[in-house]
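Structure record follows, encoded as structure tokens.
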Amino acid sequence: MNQVQGPPDVKITWCTSWTDIELLARANNRLVYAMNTCWWKIGDPIYSHPGSGLPCGPRGEVLLETDDPQGFLNAAKNSVAHYGDYGLGVLLIAYHGNIVVPSSGYPTSLENWEQYAAALRELNMFGDVRKDLVKAGLRHSWICN
């Protein structure tokens with residue numbers, strides 16, 4: 001059995017609700033997402049690569065984009081199993097600003113959906129209560145070490 005590496009030392013600072021994400025999607029015609037990590041954001045990119053000046057994700061990732069944020073969300077809703085046990089909760093945690101480096105407070109991203117799920121599993125001290133809260137997209141603050 002392959003053992004999945006857990007997430008790096010991260011702090012889950014916020015879980016943007018699905019309702020908030022859908023409202024943002026309706027109000028914007030741009031969604032950017034990282035090519036090699038799971039980070040994503042509705043609206044314009046906010047980071048620039050220090051070497052090239054090109055827009056990037058929080059760890060310098062190359063960005064892709066769509067002019068159909070609602071279509072992106074609909075595709076996610078139709079592929080919930082892709083995100084694993086926590087479903088869309090994992091996608092919500094990957095949204096910009098929900099994961100930060102505790103020592104700096106700067107937003108970051110994890111490399112794959114399993115790392116996000118591992119971070120959420122570490123928080124699951126109270127059985128399925130937190131899993132259900134994350135699935136519902138409720139807002140909370142947690143620390144993963």
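Side notes on the structure shown:
- Residues that are at pLDDT below 90 and within 16 Å of the chain's Cα centre (by Cα) number at least 1 in the following strands (runs of 3 or more DSSP E) confined to the range 1-67: 10-12.
- Scanning the range 105-124 for residues that are part of a loop (DSSP other than H, G, I, E, B) and either buried (at least 20 other Cβ atoms within 10 Å of the Cβ) or in contact with a strand residue (DSSP E or B) (Cβ under 9 Å, 6 or more places away or on another chain) (or both) yields 105, 106, 108, 109, 110, 123.
- Here residue 128 meets the list (1) charged (D, E, K, R); (2) closer than 19 Å to residue 11 by Cβ; (3) at pLDDT below 90 almost entirely, failing just condition (2).
- Pair list, Cβ < 9 Å and 6+ apart or interchain, from the range 84-104 residues that are assigned to a strand (DSSP E or B) to residues that are of a type in the set (D, E, K, R): 95/41; 99/11; 100/11
- Residue 134 fulfils the conditions (1) surrounded by 17 or more Cβ atoms within 10 Å (Cβ to Cβ); (2) modelled with pLDDT of 85 or more; (3) among the aliphatic types (A, V, I, L, M); (4) out of contact with any Pro (no Cβ under 6 Å at 6 or more places or on another chain) except for a single criterion, (2).
- Checking residue 62 against (1) surrounded by fewer than 18 Cβ atoms within 10 Å (Cβ to Cβ); (2) out of contact with any Gly (no Cβ under 8 Å at 6 or more places or on another chain); (3) under 18 Å from residue 120 (Cβ atoms), the condition it does not meet: (3)
- Some residue of the range 44-56 being surrounded by 19 or more Cβ atoms within 10 Å (Cβ to Cβ) and more than 18 Å from residue 121 (Cα to Cα): yes
- Among the residues of the range 13-63, those that are under 20 Å from residue 113 (Cβ atoms) and among the β-branched types (Val, Ile, Thr) comprise 13, 16, 21, 32, 37, 42, 62.
- For the residues 143, 93, the requirement of being crowded, with 19+ Cβ neighbours inside 10 Å and either closer than 15 Å to residue 10 by Cβ or at pLDDT below 85 (or both) singles out 93.
- Yes/no for residue 18 being surrounded by 15 or more Cβ atoms within 10 Å (Cβ to Cβ) and touching a Ser or Thr at 6+ places or on another chain (Cβ under 8 Å): no
The values are calculated or read from the model by the stated rules, or taken from the named source; none is laboratory data. No experiment lies behind these values; they were computed from the predicted model shown. Positions of Cβ are generated from backbone atoms using ideal geometry, with glycine treated the same way; all protein chains shown enter the neighbour counts.
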